[in-house]
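First the structure, in the form of structure tokens, and then the observations on it.
Rule-based calculations on the coordinates, nothing more; no lab input. The structure presented is a predicted model; accordingly, all values stated were derived computationally and were not measured. Note that each Cβ is placed from the backbone with ideal geometry, even for glycine, and that neighbours are counted across all protein chains shown.
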Amino acid sequence: MGGRHRAWCHHRALTTLRPTGFRPVASAGRSPKNLCASLAALRASEVSRKNFGAGFIDYYAHIKEAELARFEAEADAEGDVTAWEHNEYFDLF
């Protein structure tokens, strides 16, 4: 992904919800804070590569990077829901 994509990801952190009574596992490390960091962690995960196969992980990450690029082309600075999001996801429901 280009620099524009990475720059955008640093400005739009994901909100983490924790259920009541949640106790993080000390060895698990910190969760990625945005989609770019999540995709990088997925690509670097030896556990994921071993269990799902490197080809699947690379293909899935590629699809999600393309999805992010399509979203960023439509996103505005205010973070409002875009027409692209409506078109991309509402058919799922």
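Debye sum, Cα scatterers, the stretch 32-93, no solvent: what log₁₀ I/I(0) at q = 0.14, 0.16 1/Å? Taking Cα atoms of the stretch 32-93 as identical point scatterers yields -0.51, -0.63.
Taking the fewest neighbouring Cβ atoms within 10 Å as the starting point, the ordered list for Arg43, Arg70 is Arg70, Arg43. Here's the picture: charge each Lys and Arg Cβ at +1 and each Asp and Glu Cβ at -1 in the stretch 32-93, and of Trp84, Asn51, Phe71 the one pushed furthest to the positive end of that dipole is Asn51.
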